[in-house]
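Worksheet for the structure shown next.
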Amino acid sequence: MIRQTSIFAGTALAIALAGLLPAELQAAGDPQSGKEKAQVCEACHGATGESVDPSYPNLAGQHESYLVKALSDYRSGARDNAIMKGFAGSLSNQDIEDLAAWYANQDGLKDLSIK
Ligand code: HEC
């Protein structure tokens, strides 16, 4: 009886961990928080990442990991652009994750049937 209980507890723990871990690993960004932080980006990239002018890239539906990398590179200077350096320079890691989650969750590029 004791043995069965511990096997059950162990299984329950494994299931709980399996449910938690992937979310922990993949989605550090919070899209709703990103939406608020994206207000300052709206003038060029549009409210949902569909840009207002061809000189500004579309961000809607872009891969989250790509957006994180682009913003991190502007911040560090590895990607050199005077405009984006100004906007990315003061972002925290959490800001970058949240903004990337927001744009990645919008329709747009992800509607393209590119596999
Ligand atoms: C004044 C206009 C302007 C504002 C405001 C602005 N950006 Fe940009 N953004 C640009 C331009 C121009 C580029 C292209 C720069 C380049 O050539 O690398 C760009 C590029 C980017 C890229 C790279 C896209 C790609 O396809 O590689 C990301 C990501 C990005 N911006 C996110 C943001 C975020 C997040 C904010 C708000 C915190 C923001 N931008 C605010 C003009 C702007």
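The values are calculated or read from the model by the stated rules, or taken from the named source; none is laboratory data. Because the structure is a prediction, the values reported are computed rather than measured. Backbone-built Cβ (ideal geometry, glycine too); neighbour counts: all protein chains shown.
Points to keep in mind about this one:
- Sole exception among (1) assigned to a loop (DSSP other than H, G, I, E, B); (2) surrounded by 21 or more Cβ atoms within 10 Å (Cβ to Cβ); (3) of a type in the set (G, A, S) for G61, by number: (2)
- Among the numbered conditions (1) within 9 Å of the ligand (Cβ to nearest atom); (2) small (G, A, S); (3) buried (at least 20 other Cβ atoms within 10 Å of the Cβ), the only one that A101 does not meet is (1).
- Considering the stretch 66-84, and only residues there that are within 8 Å of the ligand (Cβ to nearest atom) and not in a loop (DSSP other than H, G, I, E, B), the residue that is nearest to G29 (Cα to Cα) turns out to be L67.
- Filter pass, D95 being within 9 Å of the ligand (Cβ to nearest atom) and either under 17 Å from the mean Cα position of the chain (by Cα) or without any contact (Cβ under 8 Å) to a residue 40 or more places away in the chain (or both): yes
- Criterion (crowded, with 19+ Cβ neighbours inside 10 Å and free of Cβ contacts under 8 Å to residues at least 60 places away in the same chain) met by exactly one of R75, R79: R75
- Positions within the stretch 37-54 being modelled with pLDDT under 95 and within 15 Å of M84 (Cα to Cα), in sequence order: S51
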